[in-house]
Amino acid sequence: MSPSTSSSSAAIDTSSPVKTMQDLISSLNKTMGDGGLGEDPYTVRQVKKLMQSYISQSNDWSQYAVYHEGTRYTRNLVDDGNGKYNLLILVWGEGQSSPIHDHAGSHCMMKLLAGELNEDLYAWPKHKEPQLHLKRTAPLKTNSVAYMSDKIGLHRIANPSNGAKAVSLHLYSPPYNMCKVFDEKTGAAVQSSCAAERLKTPAIEATCSSSSVYTYSSSNVQAAGNMTSQQQQQTAAITSM
Ligand SMILES: [Fe+2]
């Protein structure tokens, strides 16, 4: 699953550069073909390059950046990759963080679109030393892509800012509905749902009374108003890790 070695597989179509989220989705589908991301490290690297080539522009992704005030960070489905992957936009409130979690055997790529995020990387708990060992903490850099998998370890993502939200783009392949979350002190793990809540129009209409779409402007993520009906159809909020 490591992207560090090469082999032959599908190549990126350089005649159609990735400028918009729809360009990115189209290129991801071409690159991953029918199989999604498997064990081929060349395809993993190509997908990472594609994610990197998308330059964050808030007016392109703000329609997916739905945030529910007063709740935890939100996970918004951008595209389900015809079952090969999930592409999500996460919106992190001030000071919010994920639990420490694994990735259910899937590849994970994450790209900071706006604000600040830190990644805490942990080793898997050992039988005789169950307390989780923090290997490093590192900031995600805007527009760069970080790769994560169970072979690397466990991690927690956190917005360190008390004054600004953060927005990130995540790709998971194969997509998964359940992962494990871990207690830092004991290493104990429990299964947690991370299924996409595919909100259809009636449910979204009920939900969106307390929902806002956020846009990013230079130093902060600001409320831009409630979702339009088009955005409601495009966006499925995922509320659990
Ligand atoms: Fe993760």
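The values are calculated or read from the model by the stated rules, or taken from the named source; none is laboratory data. Just so we're clear, the structure is a prediction, and the values are computed from it rather than from any experiment. Positions of Cβ are backbone-derived with ideal geometry, glycine not excepted, and every protein chain shown enters the neighbour counts.
Odds and ends about this structure:
- The range 129-166, residues that are in a loop (DSSP other than H, G, I, E, B) and more than 15 Å from the ligand (Cβ to nearest atom): P130, Q131, H133, K141, N143, S144, P160, S161, N162, G163, A164, K165
- Only one of the numbered conditions (1) within 14 Å of the ligand (Cβ to nearest atom); (2) assigned to a loop (DSSP other than H, G, I, E, B) is violated by I55, and that is (1).
- Hits in the range 77-127 - residues which are of a type in the set (S, T, N, Q) and within 16 Å of the ligand (Cβ to nearest atom): N86, Q96, S97, S98, S106, N118
- Filter pass, T14 being more than 25 Å from S168 (Cβ to Cβ) and either modelled with pLDDT of 90 or more or surrounded by fewer than 18 Cβ atoms within 10 Å (Cβ to Cβ) (or both): yes
- Scanning the range 49-82 for residues that are over 22 Å from L37 (Cα atoms), among the charged types (D, E, K, R) and modelled with pLDDT of 95 or more gives a single hit, D60.
- Residue match in the range 178-186 (condition: assigned to a strand (DSSP E or B), within 15 Å of the ligand (Cβ to nearest atom) and buried (at least 20 other Cβ atoms within 10 Å of the Cβ)): yes
- Qualifying residue in the range 64-76 (condition: part of a strand (DSSP E or B), touching a Pro at 6+ places or on another chain (Cβ under 9 Å), within 16 Å of the ligand (Cβ to nearest atom) and on the phi < 0 side of the Ramachandran plot): no
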